[in-house]
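The values are calculated or read from the model by the stated rules, or taken from the named source; none is laboratory data. What you are looking at is a predicted structure, and each value in this text was computed from that prediction instead of being measured. All Cβ positions, even for glycine, are placed from backbone atoms using ideal geometry, and neighbour counts span all protein chains on display. These accessible areas exclude ligands, DNA and RNA; they are computed on the full protein's heavy atoms, side chains included. Shrake-Rupley method; radii C 1.70, N 1.55, O 1.52, S 1.80 Å.
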Amino acid sequence: MLFRLLVPLGLLCARLPLHLGAPGPDGTAPDPAHYRERVKAMFYHAYDSYLENAFPYDELRPLTCDGHDTWGSFSLTLIDALDTLLILGNVSEFQRVVEVLQDNVDFDIDVNASVFETNIRVVGGLLSAHLLSKKAGVKVEAGWPCSGPLLRMAEEAARKLLPAFQTPTGMPYGTVNLLHGVNPGETPVTCTAGIGTFIVEFATLSSLTGDPVFEDVARVALMRLWESRSDIGLVGNHIDVLTGKWVAQDAGIGAGVDSYFEYLVKGAILLQDKKLMAMFLELIESAMYLYRATGDPILLELGRDAVESIEKISKVECGFATIKDLRDHKLDNRMESFFLAETVKYLYLLFDPTNFIHNNGSTFDSVITPYGECILGAGGYIFNTEAHPIDPAALHCCQRLKEEQWEVEDLMREFYSLKRNKSRFQRKTLSSGPWEPPTGPGTFSSSENHDQPKEKKPAKQKVPLLSCPSQPFTSKLALLGQVFLDSS
């Protein structure tokens, strides 16, 4: 959510040539290593201040050097910062925080929580950390990535959000009580982003756990928004989730709407869903028509100057404070958890081209799951709107539905049974007499060529990494992401 993380920090005009090594405004080439270390220093100034002054509260109040609960009461900053620790190379702290979260975070609490924020920060953060656990040296349990403590925590948090989706339209309320569900009298008015920003996390969760309910509710919410668009193909800013009527009809791609567009694209890529991409293209064409009609461009650039800007504008003794008023740079006594999840992470990755996140598929990890072999860590990570990277290959590691697994297993047993019977029949038939090659014109073998020297076979070519050499059906069958090997 680039717009959100730049506006509070007053970084609308920061500029950097994003191609590393290209000359900067002063003609000198930037030193990536230098800026990596400066970004790390920014991270640890904020992170250490949170641990010392605010943990276990959700967020740090940097002006008063204490903490407060904001979006829930589950040490939100620690969850949001977890995958950033690994990206910065701090494996030991990642491992420590995983243990801390398991021991201290409880979602069975009487707290009103934002459905949107809990999803992108908590569910997204836990899913990302779960999928990165093995890379971080965490001893994973048997069955990973289809099981694991962080995955169970993500599932528990997501289940606490499901009551919000129980509306006549399928679009969720904006707030839910984690213990009691939706409070009586809860406002039914929710922003567009708060309805259409679930498919990345919830589809990942369904794929890993085998429970389709999460992806189902996310898809319904997306579709109801799509069906509610105006006659000129636009969506508004706020909608009544009980009636499906727009409450705020101002259209755009900014705050309150932006991540709906974002998740149509990311959902399409993650799930290889052409329908979601077509929905995005149609919506963005309508939005571009509005842009061309109004002539109101929004240009954002982020880079080297952002390091100086963040430090000068918002650094205080205990972390970083967000900008409350752009006119006088007055600071708000709050360090949003996304500062460690998004701002620092994206900034650091600009200066670290060899980070594992940038993997082009040249390296990967092979993992054996209860459902077959699985390839992870090959790259192509999809960031959720809180900048938590999701490995799309993980969605193919775990069988979605147990019923499908049983059906496939029955199919394979029947297939191999028929093959064994056919093999026995062939052996019995061949034993009745010597086999002779067919003769006559048009046959594939004849006596004339038996004495001719055999052609030298070409040297076997080495198969490049990540290629998919074809194999006969009887050797390997892949169905619904599950690989079955011929063990007969």
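A simple rule links phi to the HN-Hα coupling: the Karplus curve 6.51 cos²θ - 1.76 cosθ + 1.60 with θ = phi - 60°, which for region 171-179 gives 8, x, 4, x, 9, 9, 7, 5, 9 Hz, with x for Gly and Pro.
Counting only protein heavy atoms, what percent of the accessible surface of region 38-81 is carbon or sulfur at a 1.4 Å probe? It would help to have the intermediate numbers written out before the result.
Numbers: 730 of 1510 Å².
Taking all protein chains in place, region 38-81 shows 48 percent carbon and sulfur surface.
Pairs of Cα atoms in region 209-277 fall into 10 Å distance bins, from 0 up to the last occupied one, in shares of 18, 49, 28, 5 percent. For Leu331, the residues whose modelled amide H falls within less than 5 Å of its own, excluding neighbours fewer than 5 places apart on the same chain, are Lys324. 3J(HN,Hα) along region 224-229, derived from phi through the Karplus expression 6.51 cos²θ - 1.76 cosθ + 1.60 where θ = phi - 60°, amounts to 5, 5, 4, 6, 8, 5 Hz, with x in place of Gly and Pro. For region 160-201, the carbon plus sulfur part of the accessible surface works out to 55%, probe radius 1.4 Å.
Please find the FRET efficiency linking Arg327 to Asp69, where r is the Cβ-Cβ separation and R0 is fixed at 30 Å, and quote it to the nearest 0.05. Working from the Cβ atoms, E equals 0.50.
Quick one: which of Lys40/Lys135; Lys40/Lys274; Lys160/Lys345 span more than 31 angstrom between C-alpha atoms? Can you show the working numbers first?
On the way: Lys40/Lys135 20 Å; Lys40/Lys274 39 Å; Lys160/Lys345 28 Å.
Too far apart for the 31 Å limit: Lys40/Lys274.
List the pair-distance distribution P(r) of region 75-128, using every Cα-Cα distance, as the percent of pairs falling in each 5 Å bin from 0 up to the bin containing the longest distance, rounded to whole percents. The calculated distribution, bin by bin, is 4, 18, 29, 26, 13, 6, 3, 0.
So, R0 is 25 Å and r is the distance between the beta-carbons of Lys275 and Leu162; what FRET efficiency does that work out to, to 0.05? My answer for the efficiency is 0.60.
Averaging the inverse of every distinct alpha carbon separation and then flipping it gives the Kirkwood radius. What is it for region 111-249, in angstrom units?
Values: mean 1/r = 0.0640 Å⁻¹.
For region 111-249, the Kirkwood estimate is 15.6 Å.
A simple spin-label model places pseudo-atoms 7 Å from Cα toward Cβ; at Ala142 and Asn112 they are separated by 4.7 nm. Accessible surface area normalised per residue over region 44-123 is 34 Å², counting heavy atoms of protein chains with a 1.4 Å rolling probe. Taking amide H atoms as placed 1.01 Å from N in the peptide plane, the amide H of Asn177 lies under 5 Å from those of Ala113, Val182, Asn183, each 5 or more residues away in sequence or on another chain. For the peptides 82-93, 154-165, the ranking by mean Cβ contacts within 10 Å, running from highest to lowest, is 154-165, 82-93. Peptides 208-216, 275-283, 378-386 ranked from most to least packed by the mean count of surrounding Cβ atoms within 10 Å: 378-386, 208-216, 275-283.
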